[in-house]
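All remarks here apply to the structure that follows.
Throughout, read-outs are computed from the coordinates displayed, never taken from laboratory work. Computed from a predicted model, the values in this text were never measured in an experiment. Cβ coordinates were reconstructed from backbone atoms using ideal geometry, including for glycine residues, and neighbour counts include every protein chain displayed.
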Amino acid sequence: MGPFETADSCREWKEEYELPFDVIPDGDGKIFERLTNGWVPYTILVGPDGKVALWESEFDEAGFAPAVEKLYQEPPAEGTTETGAERPADTAVPGAPAPRDAAPPPTRSFGADIVILGGGTGGLVAAHHLRRRLGARDRVTLIDRSPDHLFQSSLLWHAVGQRRADQIRRPLADLSRKSVEFINEEVVGIDTDARQVRTGSRAIGFDYLIVSLGAELRPDKVEGFDEMALNLYDIGGTAKIHAALDAFTGGSVGVLVTDMPFKCPAAPYEAALLLESFLRARGVRERAEIHIYTPEHQPMPIAGPVMGDAIEKVLRRRGIRYHPLFTFERMDPDERTIIASGGEPQQLDLLLAVPPHRAPEVVRASGLIGSSGWMHTDAHTLETEHAGIYAIGDVNNIRLANGKNLPMAGVFAHYGARVAAERIADEIEGRAPEAVFDGKGYCWLELGDGRAGFAGGDFYAEPEPAVRLYPPTRPWHWSKVAFEKWWFRHWF
Ligand SMILES: Cc1cc2nc3c(=O)[nH]c(=O)nc-3n(C[C@H](O)[C@H](O)[C@H](O)COP(=O)(O)OP(=O)(O)OC[C@H]3O[C@@H](n4cnc5c(N)ncnc54)[C@H](O)[C@@H]3O)c2cc1C
């Protein structure tokens, strides 16, 4: 009984329901604090040995009844759990039931443990779909080192002062309202054999795992990055970009892609177009030169030459100088130059850069990357070679029919999350999983001045992705704004 109950109210409750067992209050709330995930109702079944036999948000008789029966038939031996597995010595709490994360992965009769790594696009969507499909006895846990979910698409609006930081992120702890347990810690290990993930403070067992840790930004791979460049891909960087653009009185501005692959193939082009529009509105466009430097041979090569030509045309019309095949080698903060291999130094007053991307350290350290340097999965199920372990979003690498990779984009993380969640839920419910990832996706291309283009299609089409381009209009821009609003309303 909760901390607000007294011995008298517990007795009354026992009498009212004619309960054959004792009801005692949790006077100072210590049991609640120690054993639950922080929301009510929470039900814990403690065996005669003082250890937790079953725990659940809410109460599901279908799970508890057999567990109680089992306890009566066969009390567990000293030092073992109800499943017969040995409880690790360092996780047992003398005289008290063991905490949730100290227990081994539960068997099906006690519900399934689904752990999601990453609370970005893919992780957030997967958590919701799982919660929607599964009952209370299956536990969904999401782990992220950041306390907040960041809607990265809006970073570019943040860079030009059209959004404040608090408008584009939300606390992941709010997911507890939807019965998703959130652990705000760094994941430091993934053990596919022991079916456990490790954070700095604990080990967490899983029956199913969804890895959605995204791509790690590594500006440290570029010497001089912090002295010379502003990071276009993180919220600290976009705050600095806005301040720098506000103070800008004239000179050369460069948008640089330092390395391939990078997420959201449209973003550097959108950034250049948005900042062009921003500088024009501030009346300093005439005194500014804007450049884009990229190793790509055309804008968004994955979407084909029609898309590339269309974007190049817009850049030309807006007076933005495009430098394709710029194979960035180094930057020199003293001279304020960037240098491509075999090229002339390019001098810039203001540099906005996309840093190198790598698979997250924990994924690499856990031996989970394939020859591409990223995680490999089945292209349709998104399951890795380890049964029940899925990789979705930017962290995975899917090779397309034309030999190129599926781009890193939120839309694929979103749809991939749905597929992984549906397949896991089907398996838990004893059905053959049917959901498949079909490689369909879309994206907006913000042009500034309240207009956007739109492109979408089938990236799994053979021999080339079949992508259709829709010309820029105001309604496309407003539909992008509406999507951002929907995102926060729907998931939080
Ligand atoms: C400027 C910009 C604009 C974009 N615009 C678009 C767009 O218009 N359309 C589109 O489709 N996509 C866009 N994207 C790309 C999109 O945001 C990503 O592709 C998408 O977020 C990937 O989702 P994910 O779940 O794979 O990874 P992420 O959303 O990056 O989430 C990964 C999460 O894992 C956490 N994490 C990482 N390592 C650890 C660890 N060791 N321990 C604990 N937590 C960890 C991170 O904190 C993060 O919350 C844009 C990206 C940027 C940067």
Theoretical FRET efficiency, 1/(1+(r/R0)^6), r = Cβ-Cβ of R474 and V188, R0 60 Å, to 0.05: 0.80
Charge context of H129, other residues only, Cβ under 10 angstrom, K/R +1, D/E -1: +3
Sum of side-chain charges, V436 neighbourhood, beta-carbon under 10 Å (Lys, Arg +1; Asp, Glu -1): -3
Computed P(r) (all Cα pairs; the stretch 223-356; 10 Å bins; percent): 12, 46, 36, 6
R164 paired with T337, simple spin-label distance in nm, labels 7 Å along Cα-to-beta-carbon: 4.3
Over 21 Å (Cα to Cα) - which of K14/K178; K404/K440; K221/K404; K263/K480; K178/K485; K221/K313 fall in this group: K14/K178; K221/K404; K221/K313
A401-T381 FRET efficiency (beta carbon distance; Förster radius 25 Å; 0.05 resolution): 0.90
Value of Rg/Rh across the stretch 239-310 [Cα atoms, Kirkwood radius]: 1.01
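At a 10 angstrom cut-off on C-beta neighbours, averaged per residue, how do the peptides 232-241, 409-418 rank from highest to lowest?
Per-residue Cβ counts within 10 Å, averaged per peptide and sorted highest first, yield 409-418, 232-241.
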Label-point gap, in nm, between V481 and D309 - each point 7 angstrom along Cα→Cβ: 3.3
Theoretical FRET efficiency, 1/(1+(r/R0)^6), r = Cβ-Cβ of D259 and F492, R0 41 Å, to 0.05: 0.80
Under 5 Å, built H, 5+ apart or other chain: amide partners of L447: A452, G453
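How high is the relative contact order of the stretch 206-351? Use alpha-carbon pairs under 8 Å, at least six apart in sequence, and give a whole percent.
It comes to 26 percent, rounded to a whole number.
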Neighbour-count order for R489, R139, R364, R474, fewest beta carbons within 10 angstrom listed first: R489, R474, R364, R139
